[in-house]
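Remarks on the structure that follows.
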Amino acid sequence: MLNDPFDIYFNEEISQLIDLLKTLFPYQELENFENQFKEVLNFKEEIGVYCLSKDFLNEQLWAYYASSYSGYCVKYDLDKLIDKEQNFDFQYQFEIDYKDNIPTLGIDDMINLQEGFIKKMFATKKSAWRHEEEIRLIFDKFGMKKFHPSAITGIYFGAKTTEIIKESFYGIFKDMDVKFYEVFPSNFKLDFKLIHETKRKLKYDLNKFDFEILQHKINVSHESYYIFYKGLKKEAEIEEFVFAFREKFCIKENSLYIFDNKEILNLIDVYPKNDDEYIKYADSIITVSDDWNEKIINNPFKDFKYAEIKKIR
């Protein structure tokens with residue numbers, strides 16, 4: 001339940017407009033529009049709203065929502081939290097718009113549904129709440145939601161949180177990569193420090209490899225990593241690196257593109273590539289690995305096209 005009585009509070013002019021148009025046009029021509037409008041209004045009775053904040057050091061939030069510094073704050077990886085593979089009913093992410101005027105829903109808002117109608121209904125609060133720096137996640141249905149365990153990356157404990165509560169959290173997250181912090185007053189403001197860390201028990205040691213993630217792409221069912229690999233190009237070592245990287249980072253079906261030259265970053269999204277770009281890209285990419293195929297493909301772009309370009313040079 002939302003704690004602001006003025007939440008999802010608005011005026012709407014569309015009903016009056018529909019009534020007026022009914023006197024000018026046949027009802028059949030307006031029926032679809034009226035039904036759509038009613039569906040959007042009814043949406044507010046069914047939706048789920050998850051409220052977050054960008055500011056974990058806000059004194060008022062700790063007083064309001066964390067039992068006067070006796071509770072905790074959860075830090076999320078937002079991209080993983082809103083992953084539609086976990087929750088297909090996730091629809092919108094909004095930063096709250098703070099203003100003291102009651103939002104008015106007009107005909108233009110029906111045309112621009114997300115930025116107009118939906119945002120005015122669910123992402124507008126009075127200016128008195130501005131300090132919360134709130135972000136809202138909107139779901140089609142209220143109720144419990146799923147998320148990948150790696151979406152939780154940290155826990156902040158209040159200055160008055162008991163050791164019993166802290167120890168219970170350490171136990172809950174003992175097999176996950178989570179950092180635990182304590183928030184405390186310092187020089188008339190809140191500060192924080194790392195007090196504990198839990199880690200997954202991994203089969204492979206990724207720390208032995210020197211690499212840099214150039215780009216990460218993710219959608220509902222698949223993710224791709226583009227990686228600058230600085231180690232030896234021995235097949236056995238690259239294979240171990242692939243297994244270690246995948247174990248550490250990947251949460252979906254995935255593809256890994258491994259390069260020995262980071263200067264190709266600007267070519268990753270270039271399609272089609274001209275001959276010079278293709279040669280540079282092919283010479284730089286040393287391995288591709290898909291998790292549904294255990295075979296690692298070396299020099300995947302040194303193909304017929306590559307040979308033809310080289311032949312005429």
Could you grab me the full set of residues in region 212-254 that are small (G, A, S) and at pLDDT 95 or above? S224, A244
Looking only at region 252-294, which residues are in contact (Cβ under 8 Å) with a residue 24 or more places away in the chain, of a type in the set (F, W, Y) and surrounded by 14 or more Cβ atoms within 10 Å (Cβ to Cβ)? Y257, F259, Y278
In region 291-313, which residues are in a loop (DSSP other than H, G, I, E, B) and either touching a strand residue (DSSP E or B) at 6+ places or on another chain (Cβ under 8 Å) or at pLDDT below 90 (or both)? D291, W292, N299, P300, F301, I312, R313
Tell me whether region 97-106 contains one or more residues that are modelled with pLDDT under 90, surrounded by 15 or more Cβ atoms within 10 Å (Cβ to Cβ), over 24 Å from the mean Cα position of the chain (by Cα) and assigned to a loop (DSSP other than H, G, I, E, B). yes
Filter region 165-208 down to residues that are touching a residue at least 12 places away in the same chain (Cβ under 8 Å), farther than 22 Å from F249 by Cβ and among the acidic types (D, E) and give me whichever is surrounded by the fewest Cβ atoms within 10 Å (Cβ to Cβ). D191
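The values are calculated or read from the model by the stated rules, or taken from the named source; none is laboratory data. What you are looking at is a predicted structure, and each value in this text was computed from that prediction instead of being measured. Because the Cβ atoms are built from the backbone with ideal geometry, glycine has one as well, and the counts that use them run over all protein chains shown.
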